[in-house]
Amino acid sequence: MTDTRIEQRAPRIGESAPRPDGIPKVDGSFTFSSDLWHDRMLWGGTLRSPHPSARIRSIDIGPAVAVAGVYAVLTATDVPGNPDYGLEHVDQPVLATDVVRYEGEPVAIVAADHPEAVRLALDAIVVDYELTAPLVDPGKAESSDPIHPDGNLIRRIHLSHGDQDVVGEVVVEGTYEVGMQDQAFLGPESGLAVPAEDGGVDLFIATQWLHGDRDQVAACLGIEPDLVRLTLAGVGGAFGAREDLSLHVHLCLLALYTRRPVKMVYSREESFHGHVHRHPARMWYRHHADRAGNLVRVEARLLLDGGAYASSSSAVIANATCFAAGPYRIPSADIEGVVVRTNNPPCGAMRGFGAVQTCIGHEAQMDRLATALGTDPVELRMQNVLAPGDRLLTGQVITGTAPVAEVLGTCADHPSAATLPSDPMSLPGGAGRTTDPEHVRRGEAVALGFKNLLFSEGFDDYSSAICRLEDGIATVTCACAEVGQGFVTLAQQITREVLGVDDVVLAPASTATVGSAGSTSASRQTWMSGGAVQAACEEVRTTLLTRIAAEHGVDPDELVLADGRVMSLACGLEIDLAEATAEPVESEVEFHHAPTSALDENGQGDAHVSFAFSAHRAIVDVDRDLGLVKVVELTTSQDVGRVLNPLQAVGQLEGGAAQGVGLAVMEEVQVLDGRIRNASFTDYLVPTALDMPPVEIAALVEEPEPGAPFGAKGIGESPSITSTAAVVAAIRAATDLDLTHVPVRPTDIALAEA
Amino acid sequence: MTIARTVDDACAALAERPDALLLAGGTDLMVGVNRGQVRFDDVVVLDRVDELRGWRREGDELVLGAGLTYAEMVRGEIPTLVPALAQAARTVGSPQIRNAGTLGGNVATSSPAGDTLPVLTALDATIDLRSSQDTRQLPISRFVTGVKQNALEPGELIEAVRVPVLDGPQEFLKVGTRNAMVISVVSLALVVDRSGRNVRVGLGTVSPVPLRAVEAEAHVGGCIDWDTGSVPDTADVDRFAALVAGAARPIDDHRGTAAYRSHAVGVLARRALLRAFPGSAP
Ligand SMILES: Cc1cc2nc3c(=O)[nH]c(=O)nc-3n(C[C@H](O)[C@H](O)[C@H](O)COP(=O)(O)OP(=O)(O)OC[C@H]3O[C@@H](n4cnc5c(N)ncnc54)[C@H](O)[C@@H]3O)c2cc1C
């Protein structure tokens, strides 16, 4: 990421700030991690297991070493430090040793002077596999032989809340299934490792958490963390898929071994095998209500398929369990959340993190309940929404803002701009000319959901930032990974707001210059790194004003910083900021959020910092005979605390909704017998402009959240939580079908038994 | 690499190196190359051969150059002269793909999902083949021999595709899991020949090679009221749709199930027929 400087009354908090990388990304001049280059560099490549489950009898690298231009062929025995890594559980081998547990698991790595030599060398490695039957049914994981020394159960949470003997007058039950979604970022995994004189290595990489990666990489390399220096390279999307290590250790191993810079770029197909996906889910629910429509109890059994390695599964199942029933007041609950290990592709973080799957379940249930009660589904929700002071299923009382009723009301009541389709292209089937207006049935539905912000369950999370003010120019240093969320503009806006300057330089994000900023995930960076920048700037302001007050014998409280000047309204003092900061002022802070606690054996505890709520209303047209869907309109309201950058806020709401539409109607990594059948953008379909309707923003509900910088809540994940549930519900409304599998496939509609 | 300027150039280069790959728009070939599935030593580049570009009319026939792009198929007179071809071309890929991809490339790839193939099948198109030695013509039904297999001989290229200009409506419909830029799950072309008093139907993605639904064609041919342009009896529309569905020989794959494909192709058949004969009882 290049330094960015903006002149002339540049945007403050609450004003639209265009992204410095916006135009370069559109015109192709932005440098992504895959564009990295070094004149002396070698190319790296990875040999992956073609089998989802096998024992490795032997690996013969001899023929590969003999390929002209090959500098290194490394296997597990060449990993000097910890053989395994992992985000929460260290259970994933850097390179497979005696077994492979999923299709695509890295087995060996190669460095050569040309990509073609890499390919020839990879082809030449001889691995003798003894195939074993893969465990592919998550329902059988716990009763099957362990496929990993840590066992097949990754985590079970049993949440028990309130009186367990409650039974409702009206009870609805349902079973739902969510397929495996991929983050489908456009920039595949890539990076460049450069060996350093001091025995360390510099790694330029597209990632979500530089320091988190650094510590894992250093442990595997067996060297001190400060010898591994990570610098953020241009990120082509992340959405959770860059939380885990991919080629990081491999690149560093090859660079240290060959003493040459090494670059690696995954192909698209390799990328599908090279990162975690959203957990597929099987969910059973039973909702109890009284005749008046008050929810009295919810029971649920949630089973997530974690795939071969743990990744962030433990945290995902915690979210799924805690938010299983949605943002409703429910006095009694019995929820079991289980995530297991199988020989399917590993699953982990993706935008919405466990709350996406359960929102699909609880919202389908709310609609069933409305039908059973004969009430309007929006009214039923409104009657049960959470409000400040209410208890969650975890027993936690909501102490922050929770404008749930307003979010739901504004979204549901927003006038629709949807008209009947006139252009044949905008009918279901689109360019395929399949559908005439008389084949279309329209459906409409609303979904409501929520999720925690920031890390939970007692994790002491923080971000670090340095602010330096010199010659009137502020320089902000923070290791926050910009993955598209907009920190680049935000750090500048916050600094300008606090220091009254226009010139703000954002230094490159690196582990070498500043402490950890934490992960760009969990909708946390605006709050955490934004908070760190705000605190650092405020310290700088205090130090500076104290110094000037002392120099001029005035009260520091009289002084203000504005428009590039230090001024006192009381005594008329006015000093140019550049002059005042000829001697620089610098401050470094570590910003922590309020502590949380672990969940107890009943899944109870004050485990979360804050919550964000959202609603979507979807209008869809469905061609029932062919099972084709056109999403006509999406309307949303979201609880945002405060809008810091309106342009970016709209971008997040639109992008998140597009990912939600994708999951509703097309996005599914199809896995058969442990193998991915559609590892390409030819067959893993994401929405095009014809599939994605305009997003109408009914309301950005601004109730400032205590403890958050400027009251702003994270907004990145909510849009992808409720959009899917709304679209699926609208398809149900149009077809009168149960549609329990998401994504809804054409065959689910066309061949459904009436 | 040979950058051919004339068909003779290209044929001569091919004669010298019969293993050379022909490169037109590259929208199929380069996918294979980038995936490491297609390896080659020699390439003969066709996109600067003027003779392969464009199209001309010869009596009741259009001679479509192998280098005709999808973007060109949806412009000018082709949408009027061969509507189904223009409709099929519009469903292909994205604007970038339609600018680069060619008819010859689609025919030579001979994929069951190739979108021009059901149209060419319904039209009984003829493929003009040429080598340094020889020219020959094959009907489309004998050109495509299997999944991505065809009768092209080493040293041979496709010069043009001949289709009749018919008097009557034409329809192309394609089902995909996305509303644009999607590979066909099932597709259907229906062309009406008023002077020959027949209806011809080509099916895509429901068998290894594009199919004609001959039984369905024969049935419906006898039920049409040619004066009013309608199929008076609903039962005949149903029967037509059922016969088309029955003609399909689909498989289950990651894009769709065989059951769905058979069902969907029947739905497409009914809709295409009713669009072509709007006065019919639905
Ligand atoms: C993103 C994307 C979307 C696509 N969408 C569709 C779609 O919706 N529908 C569809 O049908 N296809 C689609 N395709 C496939 C492709 O665009 C078409 O098949 C196209 O017609 C290929 O033509 P081309 O000129 O690019 O062929 P090339 O890639 O240049 O060549 C393809 C093959 O044909 C051979 N060949 C080319 N010209 C001749 C000739 N004159 N004589 C003999 N052999 C020849 C080549 O040697 C090669 O084997 C898509 C491809 C991409 C990348």
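For the pair segment A:392-406 and segment B:205-221, the centres of their Cα atoms are 61 angstrom apart.
Classify chain A: rounded, prolate or oblate, from the alpha-carbon gyration tensor (a ≥ b ≥ c, eigenvalue square roots; a/c under 1.5 rounded; otherwise prolate if a/b is larger than b/c)? Can you show the working numbers first?
Details: a/c = 1.62, a/b = 1.06, b/c = 1.52.
It is oblate, given that a/c is not under 1.5 and a/b is not larger than b/c.
Under 1.5 on a/c is rounded, so check that first for segment B:49-174, then, if it is not, pick prolate when a/b is larger than b/c and oblate when it is not; a ≥ b ≥ c are the square roots of the alpha carbon gyration tensor eigenvalues.
On the way: a/c = 1.39, a/b = 1.29, b/c = 1.08.
In terms of gyration-tensor shape, rounded.
For chain A, what does the helix formula give at 222 nm: sum of -39500 (n - 2.57) over DSSP H segments with n ≥ 4, over the residue count, nearest 500 deg cm²/dmol?
Numbers: 16 runs with 185 residues, N = 754.
Per the formula, -7500 deg cm²/dmol.
Relative contact order for segment B:2-164: 25 percent, from Cα pairs under 8 Å spaced at least 6 residues apart, divided by residue count. For the pair segment B:1-37 and segment B:148-188, the centres of their Cα atoms are 21 angstrom apart.
Normalising the average separation of contacting C-alpha pairs (under 8 angstrom, six or more residues apart) by the number of residues puts the relative contact order of segment B:170-276 at 26 percent.
State the antiparallel share, in %, of DSSP beta bridges confined to segment A:422-530, rounding to the nearest 5. Don't skip to the answer; put the middle values down first.
On the way: 5 of 8 bridges.
Antiparallel: roughly 60 percent of the beta bridges in segment A:422-530.
Taking amide H as placed 1.01 Å from N in the peptide plane, residue A:48 has its amide H under 5 Å from the amide H of A:107, each at least 5 places away in sequence or on another chain.
Between the residues B:246, B:256, B:173, the greatest Cα displacement towards the positive end of the dipole of segment B:170-276, with unit charges on the Cβ of Lys, Arg, Asp and Glu, is found for B:256. Sequence-ordered 3J(HN,Hα) estimates for segment A:721-727 from the Karplus curve with 6.51, -1.76 and 1.60 and θ = phi - 60° stand at 7, 8, 5, 4, 4, 5, 5 Hz, glycine and proline given as x.
Rounded to whole numbers, the Karplus 3J(HN,Hα) couplings from phi for segment B:226-240 are 5, 6, 8, x, 8, 10, x, 9, 4, 4, 6, 5, 4, 5, 4 Hz, using 6.51 cos²θ - 1.76 cosθ + 1.60 with θ = phi - 60°, and x at Gly and Pro.
Taking the radius of gyration and the Kirkwood hydrodynamic radius from Cα positions alone, what is the Rg/Rh ratio for segment A:79-185, to two decimal places?
1.13
Taken about its Cα centre, segment A:62-142 carries a charge dipole of roughly 180 debye when the Cβ of each Lys and Arg holds +1 and the Cβ of each Asp and Glu holds -1. The mean sequence distance of close C-alpha pairs (under 8 Å, at least 6 residues apart), as a share of the length of chain B, puts its relative contact order at 15 percent.
Listed by chain and number, the lysines whose C-alpha is less than 26 Å from the C-alpha of residue A:25, apart from same-chain residues fewer than 8 away, are A:263.
Taken along its principal axes, the alpha carbon cloud of segment B:170-276 reaches lengths of 44, 25, 23 Å, longest axis first. For segment A:201-206, 3J(HN,Hα) computed residue by residue from phi via the Karplus equation (6.51, -1.76, 1.60; θ = phi - 60°) reads 8, 9, 10, 9, 8, 8 Hz, glycine and proline entered as x.
How large is the dipole of segment A:673-754 about the Cα centre if only Lys and Arg carry +1 and Asp and Glu carry -1, each at its Cβ, rounded to the nearest 20 debye? Mind showing how you got there, number by number?
Details: 5 positive and 12 negative charges, 54 e Å.
I would put it at about 260 debye.
Residues whose amide H comes within less than 5 Å of that of residue A:347, counting only those at least five positions distant or on another chain, are A:277, A:307, A:308, A:309 (H built at 1.01 Å from N in the peptide plane). Centroid-to-centroid, using Cα positions, segment A:570-647 and segment A:652-698 are 23 Å apart.
Placing unit charges on each Cβ (+1 for Lys and Arg, -1 for Asp and Glu) gives segment B:14-96 a dipole about its Cα centre, and among B:26, B:44, B:15 the Cα reaching farthest toward its positive end belongs to B:26. Distant-in-sequence amide contacts of residue B:62, defined by a placed amide H-H separation under 5 Å and a gap of 5 or more residues or a different chain, comprise B:163, B:165.
Taken together, the values in this text are just the output of simple stated rules run on the coordinates, not laboratory data. Because the structure is a prediction, the values reported are computed rather than measured. Cβ atoms come from the backbone with ideal geometry, glycine included; neighbour counts cover every protein chain shown.
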